[in-house]
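Structure record follows, encoded as structure tokens.
Every read-out reported here was derived from the displayed coordinates using simple, explicitly stated rules and does not represent laboratory data. Not measured: the values here are computed from a predicted model. Heads up, the Cβs are rebuilt from the backbone with ideal geometry, glycines too, and the neighbour counts pull from every protein chain shown.
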Amino acid sequence: MRQKRDPGAAAGERRSVQPRSPLSCNFSLPCQQTADAGFSPLLQLTNTGEDGGGITVTTNADAGAFPGIGAYCGGMTGNVMGAVTGYSPNFDAVFGWSTNHSGVRGMSTNYHGVFGHSDNNNGMAGVSDCTFASGVYGENLSVSPTGQFSYGVAGRGGEGPQCVGVCGDLLNYNVGYGAYFNGQVHITSIVNTARSGFHIDHPLEPESKYLNHSSVESSDLKNMYDGVVTLNPQGSAWVELPSWFGLLNRDFRYQLTPIGSYAPVYIAQEIADNKFQIGGGKSGQRVSWLVTGIRRDVWAEKNPMSVEEDKDSFDRGKLLHPLEAGQPKEMGISYSRIRGLETMAQHQERLERERKSRTG
């Protein structure tokens, strides 16, 4: 008999599960039956014991040939529970394991291929021991109509301040990535980070080095614009700004630097109608200019930046980067927030402790 994997085992560990003596069945195999059961399931099994499963099927078929359990449901969307439905109050309702293929695979024409729900834990959990595979994998190869997105993986959180749509976690956050995107990333609201910048192939040694730069930070929602202008015979020049400049910015600041020789250049006229004038220079002299402005667009006005912010009761007493401050990782805000992301082994260990406490 093939050794089965204990769902409570840690990743990569195999422990045998000793089955109890099988009960007798009143049908022979192979069995193929057709019946109209109405709103009742064709097959329903209930295990009244504490430790066993409902159905266990093992197949020796080659990868991709036949699943351990195959079911088809042709009912209308929403009128039936699904081709395969599992329920368990304290354990995995459906558990699948495969050495070289998908542990659980579902396919549907008009509804969820695989749907999971839990009142007190992960609605769906996936684990892979393979270094180049994923615990949970999502793919959408459809060609989206204009203005409509297709998602390989989608997440949605609740309405509370601690709710998260998609969460990524690392056992060591200084090694690896909590999230990795290959392509453009679009974010419609605030991005909070300890450091931002760019990371590119080094222009001089692109095959052996990277080049890193940090972004310029500010306590304001500040925009920066610069350029070089050549002064006219009167030693002045008008600098034309984009037509949207005045609608986007307010509270302007200026900086001028004469190039080649000294000149007492100054702002002859401040910004009005998306232009400003430089004066005080020499004919033909080039002047480097820098202008900054504070954002005044609709989103910025409705979402002002809070420079100093009190931590809420959940985060108080904890740190964003405890290890850098010489504190244990348990002092981290992220550690507290993601502690609900139990590994499969941790989940089973907790259930085992709860079972033992119930039985004494």
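For segment 170-311, the alpha-carbon radius of gyration amounts to 1.42 times the rule-of-thumb value 2.2 N^0.38 Å expected for a compact globular protein. Scattering from segment 222-302 was approximated by placing one identical point on each alpha carbon and applying the Debye formula without solvent; log10 I(q)/I(0) at 0.11, 0.21 1/Å stands at -0.30, -0.89.
Note on segment 120-166: Kirkwood radius taken over Cα pairs, Stokes-Einstein applied at 25 °C and 0.890 mPa s, translational D equal to 180 µm² s⁻¹. Relative contact order, whole percent, for segment 222-302 stands at 47, derived from Cα pairs under 8 Å and 6 or more residues apart. What the Cβ-Cβ distance of residue 219 and residue 198 gives, at R0 = 25 Å and to the nearest 0.05, is a FRET efficiency of 0.70.
Loop-located chymotrypsin sites (Phe, Trp or Tyr not before Pro) in segment 142-195 (DSSP state not H, G, I, E or B) with no more than 13 neighbouring Cβ atoms inside 10 Å: 149, 151, 177, 180, 181.
Backbone phi angles across segment 317-334, fed through the Karplus curve with coefficients 6.51, -1.76 and 1.60 (θ = phi - 60°), yield HN-Hα couplings of x, 10, 10, 5, 10, x, 5, 5, 8, x, 10, x, 4, 5, 7, x, 5, 5 Hz in residue order; Gly and Pro are listed as x.
Taken one residue at a time, the phi angles of segment 126-138 give Karplus couplings (6.51, -1.76, 1.60, θ = phi - 60°) of x, 10, 10, 8, 8, 6, 10, 10, 10, x, 10, 10, x Hz. Gly and Pro are set to x. Amide hydrogen proximity for residue 103: with H placed 1.01 Å from N in the peptide plane, the residues at 5 or more positions away or on another chain lying under 5 Å are 98. Taking every Cα-Cα distance in segment 266-317 and sorting them into 5 Å bins starting at zero, the pair-distance distribution P(r) comes out as 4, 11, 15, 13, 12, 9, 10, 6, 7, 6, 3, 2, 1 percent.
3J(HN,Hα) along segment 286-299: 9, 10, 8, 10, 9, 10, 10, x, 8, 4, 10, 5, 4, 5 Hz, from the Karplus curve 6.51 cos²θ - 1.76 cosθ + 1.60 with θ = phi - 60°, whole Hz, x for Gly and Pro. Take the residue pairs 275/302; 311/356; 222/311 and return only those whose Cα atoms are more than 32 Å apart. Beyond 32 Å: 311/356. When each of the peptides 243-253, 187-197 is scored by how many other beta carbons lie within 10 Å of its residues on average, the order from highest to lowest is 243-253, 187-197.
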